[in-house]
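First comes the structure, then the notes that go with it.
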């Protein structure tokens, strides 16, 4: 499972940080950071979701009020927009 985070879209509500500890608050920028991720494009950060943390990653994506987080299954199909 893979998660993508569009940091540019993030508005800093930090709801994702309450759902999954891979998301951290960046108070200086007023946005979240996705720890362990790599920037794929400008402000698009991607990482694999560790086994056992899938539910937390899904909750983080669902909690984002601006849909800045997407989750993909192992076949590359988007399961959380």
Checklist entry - So is residue 28 out of contact with any strand residue (DSSP E or B) (no Cβ under 8 Å at 6 or more places or on another chain), farther than 14 Å from residue 5 by Cβ and outside any strand (DSSP E or B) or not? => result yes
Checklist entry - Since residue 75 meets every condition but one in (1) assigned to a loop (DSSP other than H, G, I, E, B); (2) surrounded by 17 or more Cβ atoms within 10 Å (Cβ to Cβ), which condition does it not meet? => result (2)
Next on the checklist: For the range 44-62, give me each residue that is over 11 Å from the mean Cα position of the chain (by Cα) and either at pLDDT below 95 or not in a loop (DSSP other than H, G, I, E, B) (or both).
Outcome noted: 54, 55
Item to check | Odd one out for residue 18 among (1) touching a residue at least 40 places away in the same chain (Cβ under 8 Å); (2) touching a helix residue (DSSP H, G or I) at 6+ places or on another chain (Cβ under 8 Å); (3) over 14 Å from residue 7 (Cα atoms); (4) not in a helix (DSSP H, G or I) | outcome: (4)
Item to check | Flag if residue 65 is surrounded by fewer than 16 Cβ atoms within 10 Å (Cβ to Cβ) and modelled with pLDDT under 95 | outcome: no
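The values are calculated or read from the model by the stated rules, or taken from the named source; none is laboratory data. Quantities reported herein were computed from a predicted structural model and do not represent experimental measurements. Backbone-built Cβ (ideal geometry, glycine too); neighbour counts: all protein chains shown.
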